[in-house]
Amino acid sequence: MLQRAFDGAGLTDRDLADLVRLTGPLDGRPYGYTYSDLTMRLIPGVVIDAFPDAPLRPDRIAELVATHPPTAPFADGAND
C-alpha cells in the first residue's frame with residue numbers, strides 16, 4: 001500500500017522498507033499502523049507537510065511517524 005501511495009514521489013525501495021518497519025510493531029509496541037492510520041492520517045499528513053513545494057523526504061516522513069503513533073488496539077473486555 002505504501003509503495004502505491006508514494007509511487008513517483010522519489011522514495012527508494014530502501015526508503016519504503018524503512019517506512020514499513022517504522023509503521024509496524026516497533027520497540028516493544030506489539031502493534032503497528034492500521035489501514036486507517038495509514039490512509040487517513042499518515043499518507044495525507046506526509047503530503048500536506050511537503051505541500052506545496054517540498055519533496056517527500058524519508059527523514060521527514062520518519063519524524064512524522066514518530067510524532068503520530070498508531071492507534072492502539074481496543075482492549076479485550078473493555079466494555080464488559
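FYI, it's all coordinate maths here, none of it is from the lab. Everything numeric here is computed off the predicted structure, so don't read it as measured data. Cβ placement follows ideal geometry from the backbone for every residue including glycine, while neighbour counts extend to all protein chains displayed.
Once you have the Kirkwood Rh of region 2-67 from its Cα pairs, apply Stokes-Einstein at 10 °C and 1.306 mPa s and quote D in µm²/s.
Values: Rh = 12.2 Å.
For these conditions, the coefficient is 130 µm²/s.
Hey, if you put +1 on the Cβ of every Lys and Arg and -1 on every Asp and Glu Cβ in region 2-67, which of TYR35, ALA5, PRO58 ends up farthest toward the positive end of that dipole?
In region 2-67, that residue is TYR35.
Comparing ASP59, ASP37, ASP27, which has the greatest mean-square fluctuation in the GNM of the chain with Cα pairs linked when under 10 Å apart?
Greatest mean-square fluctuation among the candidates belongs to ASP27.
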